[in-house]
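Only the coordinates and a few stated rules stand behind these numbers; no lab work does. Please read these numbers as outputs of a predicted model, since none were measured by experiment. Glycine gets a Cβ as well: all are built from the backbone with ideal geometry, and neighbour counts include every protein chain shown.
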Amino acid sequence: MGGFWTDESGLTLLEVVVALVLISLITTAFVPMIAASVKFINRAWERYQYYTEARSQMEIQMAKAAQGVAVGRSAKFPIKPESESGPPVMVDGVTIEVGEEGKLVVFIPNKVNK
């Protein structure tokens, strides 16, 4: 005589516990990797923000220099063309530096002195 509870299909308590232990072990193995990824993403975001701020400041300074406003230090930059064997050509210009950590530096030439 079959009753209501005669169906024996399903999982035992031991099988459920083993499955939970396996899932927790796998999850524990991935937690350090996920934490390192989040840390890397945060550092990349901070560098991106620093770079965009420095680039914005650099473009403002370059626009001022293009208008003739003195914004940087006078400098001479040597350029040696590959086709010539003589001394390098000295280019007068202005260097503009922006930032404190990894500085962005640009050289804006005025004219070429031969």
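Values computed for the structure shown
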read-out: HN-Hα J in Hz across region 42-53 - Karplus 6.51, -1.76, 1.60, θ = phi - 60°, x for Gly and Pro; value: 5, 5, 5, 5, 5, 5, 4, 5, 4, 4, 5, 5
read-out: Sites Glu82 and Ser37, calculated FRET efficiency, Cβ-Cβ separation with R0 35 Å, nearest 0.05; value: 0.20
read-out: Amide H within-cut-off set for Val91, under 5 Å, with H built and near neighbours excluded; value: Phe77, Ile79
read-out: Neighbour-count ranking [beta-carbon atoms within 10 angstrom, fewest first] of Val106, Val21, Val98; value: Val21, Val106, Val98
read-out: Estimated inter-spin distance, Thr27 and Ala44, nm [label 7 Å along Cα→Cβ]; value: 2.6
